[in-house]
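First up is the structure itself, then whatever we jot down about it.
The values are calculated or read from the model by the stated rules, or taken from the named source; none is laboratory data. For clarity, every value in this text was computed on a predicted model and none was experimentally measured. Counting neighbours? That spans all protein chains shown, and the Cβs are built from the backbone with ideal geometry, glycine included.
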Amino acid sequence: MNPKVEVVYRRAEAEEDTTARVPIGTSLFNAAHWAGLPIESTCGGRGTCGKCFVRVVAGEAEATPADHRHLADRLAGGWRLSCQCEVQGPMLVEVPELMHMPKAATMGVGRFVLLEPNVVKLHLRLEEPSLQDQRSHLGRLLDALEDAGYARAFDPGVLPGLALAMRDGTELTATIVGDRLIDVEAGDTSERLFGVSFDIGTTTCVATLVDLRTGATVAVASELNRQAPFGADVIARMARTMQELDEVRALREAVLATANALLNQVRDEAGVARDEIYEAVVVGNATMLHLLVGAFPESIALAPYVATFTEPLDLRADDAGFELHPRGRVCLFPSIGAYVGADIVADIVATGLARDPKVRLLVDVGTNGEIACGSLDRVVATAAPAGPAFEGGEIVHGMRAIEGAIEGVTLTRGVVELQVIGGGAARGICGSGLIDIVAQLRLVGLLDEGGKMAATADVPAHPLAARLVEIDGVKAFALAEGVVLTQQDVRALQFAKGAIATGIETAMRALGAGPEDLAEVLLAGSFGSYINPESARVIGLVPNVPTAQIKAVGNTASEGAKMALLSFREREVAWELPGVVEYIELSGQEDFNDRFIGNLGFPAGAMLQETG
Ligand code: FES
């Protein structure tokens, strides 16, 4: 882990300086993005446009070849290209005023994102060829791009379109993704520019089609991951790939079929052609990303639990199997570790966890609980194997969060009130209902600290005593006709929440933070949106902070992917996060088992009283 240093940015138009604390080796350009400060650029930090110059007032800044190319006469004055200058120690830097203030879109958890996609369309009028000017069409176009501050790199697939465009005149539109020209069309098509973000979940996949000129979402679609028949969770799917080599290919085809079906849906809904979608940004857990590119995920399942890749990938769309513009790009977010995937990186981007001075805890509750805790000073992440209880697995009347599932419960003055998805009769209990019912049983005194359920004989005068039943010799609480919560179900929940609580404790201990240091606890992921924050606290799933500080933040993984699609600056930050976030492998912790056992029980009665 690189030590961090402070960079102070001074802007003529701003009254206050902006300070960024970044790891040594970060570029001045990216460090500014960490602090939310835009610096002029058209090449996205690739060293070609020459527009990102700043003046280094204090600190080390050796001139690079790109500095000599673009700023030869200003080097002595301390001017440098910020994208080429790596921070090696504390610095004070002057930033010129922005020539063009980019548009901003509100995204994520109350964050602004500057609209600066990695895809640009340039409407150009090239100089007419003549007997005196014998440059090729391509040479003419690359010269025009260079004059506009873009690189001369091009995909040879542009040549047929270029020949056609030049047959009709010299007015054309060039599409550049990253630093590469990928398409040429006749006339002005600059109004049509789209990208798509994907959240590839083990259970559900979501695609969001975005207009890259405005930042507006134009269509969203979701569907179950077509890998489901291969196994309900990542462990089952990894097990399949170990039995049969062809299974990896089959799993890849299944997830690509899901992604392409989603692409079809969003295209149809928004009336957008395949060739108008130029880029996809993809997030998901490490196993999903491995399967998406056809890489064996087996090393993730076996000690020492190392992934084949955690790095970000930038693939050509037709190589990646995505049905967007064939020369478009598909970018996979980086992961932090085998079990702290690209989805948590996207969560961190969307919540700004690593750039905020407040210490916050982010928990994505699922079969694999992903946890990140920290602030701009330091972020620690880990993953906790919670098992299937939160998805209704191993629970006698457990079910997924679909129609008929009890998703919320209150027990007041002897009355059982159920919230059932769809409003009809209860058929079973989903994860949020499970957390609620256990919390409520604790609050009304029918469940002790160890998780033992009372029997009618223990509490004959309790207004809910009649609900305490016995089924095949096992104690249970009757919720509705044919739906009970058994003592074993409570045990299954204790194991799941014990694992996540131990993960949280491990991350907070590494950080030296206690509950009193937490400004907020953020429950991320679609499941997190349904958990009652009070219930999560009562059962000890999250630390004992005031309930108002526990917030559901929704599908922040999708938001993070969308932000990276709309802003190359956000993408740079995301790409750097694995080098910034400290990963702790929970099973490598010597005292993990002892602490896990210590976290199986529920918080003591004194804490319950505080809830009123
Ligand atoms: S040269 Fe373009 S951002 Fe630095």
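Observations
- Taking the criterion of being within 14 Å of the ligand (Cβ to nearest atom) and assigned to a strand (DSSP E or B), the only residue of the range 8-48 that qualifies is Ser27.
- Single residue of Glu279, Glu269, Glu247 found to be outside any loop (DSSP other than H, G, I, E, B) and at pLDDT below 95: Glu247
- The residue that is surrounded by the fewest Cβ atoms within 10 Å (Cβ to Cβ), among those in the range 49-73 that are among the basic types (Lys, Arg) and within 14 Å of the ligand (Cβ to nearest atom), is Arg69.
- Ala372 vs. criteria buried (at least 23 other Cβ atoms within 10 Å of the Cβ) and either over 20 Å from Ala254 (Cβ atoms) or free of Cβ contacts under 8 Å to residues at least 60 places away in the same chain (or both): yes
- Index of the failed condition, Val330 passing every other in (1) buried (at least 24 other Cβ atoms within 10 Å of the Cβ); (2) assigned to a helix (DSSP H, G or I); (3) among the hydrophobic types (A, V, I, L, M, F, W, C): (2)
- In the range 139-172, residue surrounded by the most Cβ atoms within 10 Å (Cβ to Cβ) [restricted to those that are over 20 Å from Ala317 (Cα atoms) and within 33 Å of the chain's Cα centre (by Cα)]: Tyr150
- Only one entry in Ser197, Ser190 is assigned to a loop (DSSP other than H, G, I, E, B), hydroxyl-bearing (Ser, Thr, Tyr), under 35 Å from the mean Cα position of the chain (by Cα) and away from the ligand (no atom under 16 Å from the Cβ), namely Ser190.
- Search result, residues across the range 138-177 that are closer than 23 Å to Leu212 by Cβ and hydroxyl-bearing (Ser, Thr, Tyr): Tyr150, Thr173, Thr175
- Being at pLDDT below 95, over 16 Å from Ala496 (Cβ atoms) and touching a strand residue (DSSP E or B) at 6+ places or on another chain (Cβ under 8 Å) holds for only one residue in Glu403, Glu470, and it is Glu470.
- Apart from one condition, Gly157 fits all of (1) within 30 Å of Gln265 (Cβ to Cβ); (2) not in a helix (DSSP H, G or I); the exception is (2).
- When restricted to residues that are more than 16 Å from the chain's Cα centre (by Cα), surrounded by fewer than 20 Cβ atoms within 10 Å (Cβ to Cβ) and of a type in the set (A, V, I, L, M), the range 538-583 contains 2.
- Some residue of the range 88-99 being away from the ligand (no atom under 13 Å from the Cβ), part of a strand (DSSP E or B) and crowded, with 19+ Cβ neighbours inside 10 Å: yes
- Taking the range 394-497 as the region of interest, the strands (runs of 3 or more DSSP E) fully inside it that hold 2 or more residues being in contact with a helix residue (DSSP H, G or I) (Cβ under 7 Å, 6 or more places away or on another chain) and touching a residue at least 24 places away in the same chain (Cβ under 8 Å) are 405-412, 474-480.
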